[in-house]
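Asks: Before I ask anything, let me first share the structure, which is written out below as structure tokens.
The values are calculated or read from the model by the stated rules, or taken from the named source; none is laboratory data. Quick caveat, the model's predicted, so the values are computed rather than measured. Neighbour counts run over all protein chains shown; Cβ positions are idealised from the backbone, glycine included.
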Amino acid sequence: MHPIRKKRLTIVLFLLVGLSVAVGLTAYALRQNINLFYDPSQISAGEAPVDVRIRAGGMVEEGSVVRDPESLKVEFLVTDYSASVPVEYVGILPDLFAEGQGIVAMGRLNNEGRFVADQVLAKHDENYMPPEVAGALEKASQAETKSAAENAKPATY
Amino acid sequence: MAFDSFAAFVSMEGHGPYVWACYAVFFVLMIVLMAGSVRSRDATIESCRRRYELQAEKSTVAAAPTTSASFARVNVSQD
Amino acid sequence: MWQFFHKLGSPKWFFGISTRFMPWLLMSGILLLMAGVVWGLAFAPKDYLQGNSYRIIFIHVPTAFMAQSVYIMMASAALVTLVWRMKLADVFVKAVTPVGLVLTFLALFTGAVWGKPTWGTWWIWDARLTSMLILLFLYGGVIALDRAINDEKSAARAVAVLVLVGVVNIPIIKYSVEWWNTLHQPATFKLTEKPSMPAEMWVPLLLSVLGLYLIFGWLACIRMQTEILSREQRTRWVKEFVMKGKV
């Protein structure tokens with residue numbers, strides 16, 4: 001390669017590396033601001049500020065959804081399978097909201113550690129499948145846990 | 001076919017407006033982009049042609065009096 | 001190899017060869033895109049969770065993927081402009097920037113319309129959506145910078161520097177969903193793993209991605225030809241092409 005071109009190439013690559021390092025460090029320093037939401041373990045560890053508008057995200061715990069029969073009020077637990085946070089919300093939930101489904105809620109954490117949400121968004125994962133397949137998978141996993149439970153039973157005696 | 005009828009296909013179980021709006025905007029913008037690209041290429045060719053014709057006219061006008069000169073003056077393109 | 005490289009840099013050679021490829025690019029591109037879209041809209045099964053709204057994926061993913069690939073191609077061309085001063089590389093950058101802008105806009109628009117029924121919001125300032133918006137501004141910035149500088153050579157260099165600086169945004173877009181908490185889900189397609197959707201969903205998606213890629217190839221060729229014609233109008237071969245219709 002021509003020496004001038006070699007020199008230009010080195011300068012350009014050097015600048016690019018420098019720039020990437022700078023951007024990388026900035027993003028690392030701001031990581032908590034770039035994160036869209038706090039997860040339940042962070043909230044229960046006290047990392048999230050109280051009474052400041054923040055977002056909390058995680059899975060809606062199975063069997064935790066309690067709907068008020070007279071109003072649109074809903075209470076549920078948001079979990080990341082190591083900690084969970086109680087959430088209350090008044091309003092219409094997105095179609096995808098269900099137990100075992102991911103959500104991101106916006107609102108404030110009160111002094112009792114309850115999250116009072118004013119907006120709830122549904123978060124879905126990267127898996128797509130036809131309804132029949134999803135149904136079959138569900139059945140299979142239920143059968144598995146059932147048989148696992150049956151197999152486990154004799155061992156306890 | 002994932003739908004039972006054409007009406008079901010259009011309504012998409014209530015998601016129709018969202019899905020069709022996306023596809024409409026996509027196709028409109030793509031067609032505008034493609035047609036625009038073809039047209040700007042044609043326009044460039046046309047403007048070049050006009051330029052060359054203008055140049056050719058100028059050079060024949062400039063060359064006209066020289067034909068009366070007795071010297072053999074050959075018009076050789078210099079480019 | 002270097003000889004090939006130099007030949008590749010010749011606008012005349014490119015003009016001739018691209019004219020031969022363009023009809024094929026356009027035909028196969030439209031065919032594949034339409035096949036993917038029709039299959040995705042009418043024949044692919046609906047999603048167990050999102051129902052039919054997920055059918056937006058068959059244009060959302062191709063436009064988002066192309067928006068990023070176009071930028072990577074532009075950055076490679078910008079490197080060539082800065083190091084080798086190859087004219088054709090700069091022609092490429094100028095020709096495809098508006099295409100990239102439109103594709104990025106489409107990715108954001110389809111994403112917003114998809115977000116409303118699934119997430120419950122049109123827009124959220126999460127890392128993926130924000131970095132994609134920055135990409136849109138980068139494309140806009142490149143166009144603006146190019147228009148602002150009159151001298152062709154200085155414009156080429158300034159644009160190349162801006163494009164290269166902006167390339168750091170691409171890994172941020174790609175990995176935003178893994179590095180940070182976002183509302184946007186991680187990628188369905190990964191190089192190393194099987195796609196996390198069944199074949200009757202990912203095959204049409206792949207078709208429309210390929211189709212859009214080929215249509216982009218056609219767009220790049222025709223727009224580069226336009227740029228070459230206007231830049232090289234003083235040369236003899238352009239004159240011959242314009243007056244006689246062949247290269």
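Asks: So C:SER196 fits all but one of (1) touching a residue at least 12 places away in the same chain (Cβ under 8 Å); (2) surrounded by 15 or more Cβ atoms within 10 Å (Cβ to Cβ); what number is the exception?
Replies: Every listed condition holds for C:SER196 apart from (1).
Asks: Further question on the same structure: Give the range A:100-142 a look and list any residue that's among the small types (Gly, Ala, Ser) and either over 30 Å from A:VAL52 (Cα atoms) or part of a loop (DSSP other than H, G, I, E, B) (or both), or say none.
Replies: Answer for the range A:100-142, where residues must be among the small types (Gly, Ala, Ser) and either over 30 Å from A:VAL52 (Cα atoms) or part of a loop (DSSP other than H, G, I, E, B) (or both): A:GLY100, A:GLY113, A:ALA134, A:GLY135, A:ALA136, A:ALA140, A:SER141.
Asks: Please verify whether the range C:12-30 includes one or more residues that are among the hydroxyl-bearing types (Ser, Thr, Tyr), in contact with a His (Cβ under 8 Å, 6 or more places away or on another chain) and farther than 30 Å from A:ARG5 by Cα.
Replies: Looking for residues that are among the hydroxyl-bearing types (Ser, Thr, Tyr), in contact with a His (Cβ under 8 Å, 6 or more places away or on another chain) and farther than 30 Å from A:ARG5 by Cα, one finds none in the range C:12-30, hence no.
Asks: Based on this model, can you work out whether C:VAL99 counts as of a type in the set (A, V, I, L, M), farther than 17 Å from B:MET30 by Cα and either within 9 Å of another protein chain (Cβ to nearest Cβ) or in contact with an Asp or Glu (Cβ under 7 Å, 6 or more places away or on another chain) (or both)?
Replies: No: the conditions fail for C:VAL99.
Asks: Now for a separate question. Output the number of residues of the range A:47-90 satisfying the condition of being under 15 Å from A:MET106 (Cα atoms), touching a helix residue (DSSP H, G or I) at 6+ places or on another chain (Cβ under 7 Å) and not small (Gly, Ala, Ser).
Replies: Residues that pass the stated criteria total 2.
Asks: Does C:LEU183 satisfy the criteria of being over 24 Å from A:VAL21 (Cβ atoms), of a type outside the set (Ser, Thr, Tyr) and touching a strand residue (DSSP E or B) at 6+ places or on another chain (Cβ under 7 Å)?
Replies: When the stated conditions are applied, C:LEU183 passes them.
Asks: Continuing with the same structure: Would you check which residues across the range A:66-92 are β-branched (Val, Ile, Thr), in contact with an Asp or Glu (Cβ under 9 Å, 6 or more places away or on another chain) and surrounded by fewer than 16 Cβ atoms within 10 Å (Cβ to Cβ) and list them?
Replies: A:VAL66, A:VAL90
Asks: If you don't mind, there's one more thing I want to ask. Taking the condition of being more than 9 Å from chain B (Cβ to nearest Cβ), farther than 28 Å from C:LEU33 by Cβ and crowded, with 16+ Cβ neighbours inside 10 Å, how many residues in the range C:217-246 meet it?
Replies: So the count comes out to 2.
Asks: Scanning the range A:1-57 for residues that are among the polar types (S, T, N, Q) and either at the interface with chain C (Cβ under 10 Å from one of its Cβ atoms) or surrounded by 13 or more Cβ atoms within 10 Å (Cβ to Cβ) (or both), which turns out nearest to C:GLN185 (Cα to Cα)?
Replies: A:ASN35
Asks: For the range C:204-216, state whether one or more residues are touching an Asp or Glu at 6+ places or on another chain (Cβ under 9 Å), farther than 16 Å from C:ALA107 by Cα and buried (at least 17 other Cβ atoms within 10 Å of the Cβ).
Replies: No, every residue in the range C:204-216 fails to be touching an Asp or Glu at 6+ places or on another chain (Cβ under 9 Å), farther than 16 Å from C:ALA107 by Cα and buried (at least 17 other Cβ atoms within 10 Å of the Cβ).
Asks: Among the residues of the range C:111-132, is there at least one that is more than 9 Å from chain A (Cβ to nearest Cβ), of a type in the set (A, V, I, L, M, F, W, C) and over 30 Å from A:ILE54 (Cβ atoms)?
Replies: The answer is no, given that none of the residues of the range C:111-132 is more than 9 Å from chain A (Cβ to nearest Cβ), of a type in the set (A, V, I, L, M, F, W, C) and over 30 Å from A:ILE54 (Cβ atoms).
Asks: Anything in the range A:31-57 that is charged (D, E, K, R), free of Cβ contacts under 8 Å to residues at least 24 places away in the same chain and not in a loop (DSSP other than H, G, I, E, B)? List them, or say none.
Replies: If the condition is that a residue be charged (D, E, K, R), free of Cβ contacts under 8 Å to residues at least 24 places away in the same chain and not in a loop (DSSP other than H, G, I, E, B), then A:ARG31 is the only one that fits.
Asks: Another one. Can you name every residue in the range A:66-99 that is in a strand (DSSP E or B) and of a type in the set (Ser, Thr, Tyr)?
Replies: A:THR79, A:SER84, A:TYR89
Asks: On to the next question. One residue is enough: does the range C:161-179 have a residue meeting the conditions polar (S, T, N, Q), touching a helix residue (DSSP H, G or I) at 6+ places or on another chain (Cβ under 9 Å) and either under 30 Å from A:GLY18 (Cα atoms) or at pLDDT below 95 (or both)?
Replies: Yes, the conditions are met somewhere in the range C:161-179.
Asks: Right, something else. Determine, yes or no, whether C:ALA44 is within 23 Å of the chain's Cα centre (by Cα), under 30 Å from A:HIS124 (Cα atoms) and of a type outside the set (Asp, Glu).
Replies: So C:ALA44 fails the test.
Asks: I'd like the full set of residues that are in contact (Cβ under 8 Å) with a residue 40 or more places away in the chain, over 20 Å from B:TRP20 (Cα atoms) and either aromatic (Phe, Trp, Tyr) or within 14 Å of chain A (Cβ to nearest Cβ) (or both), limited to the range C:58-76.
Replies: C:PHE65, C:TYR71, C:ILE72, C:ALA75
Asks: Output the helices (runs of 4 or more DSSP H) that fall wholly within the range C:153-247 and possess 3 or more residues being under 21 Å from the mean Cα position of the chain (by Cα), or say none.
Replies: C:169-179, C:199-231
Asks: Let me ask something else. So C:VAL167 passes all but one of these: (1) within 14 Å of chain A (Cβ to nearest Cβ); (2) without any contact (Cβ under 8 Å) to a residue 40 or more places away in the chain. Which condition number does it fail?
Replies: In the conditions (1) within 14 Å of chain A (Cβ to nearest Cβ); (2) without any contact (Cβ under 8 Å) to a residue 40 or more places away in the chain, C:VAL167 misses (2) alone.
Asks: Let me ask another. Against the definition (on the phi > 0 side of the Ramachandran plot, of a type in the set (Phe, Trp, Tyr) and not in a strand (DSSP E or B)), how does A:TYR28 come out, yes or no?
Replies: No; evaluated as a whole, the condition is false for this residue.
Asks: In addition: Is there a residue being more than 14 Å from chain A (Cβ to nearest Cβ), in contact (Cβ under 8 Å) with a residue 24 or more places away in the chain and in contact with a Cys (Cβ under 8 Å, 6 or more places away or on another chain) anywhere in the range C:41-57?
Replies: No, every residue in the range C:41-57 fails to be more than 14 Å from chain A (Cβ to nearest Cβ), in contact (Cβ under 8 Å) with a residue 24 or more places away in the chain and in contact with a Cys (Cβ under 8 Å, 6 or more places away or on another chain).
Asks: Condition check: part of a helix (DSSP H, G or I) and crowded, with 21+ Cβ neighbours inside 10 Å. Does C:SER53 satisfy that?
Replies: Spelling it out, C:SER53 is indeed part of a helix (DSSP H, G or I) and crowded, with 21+ Cβ neighbours inside 10 Å.
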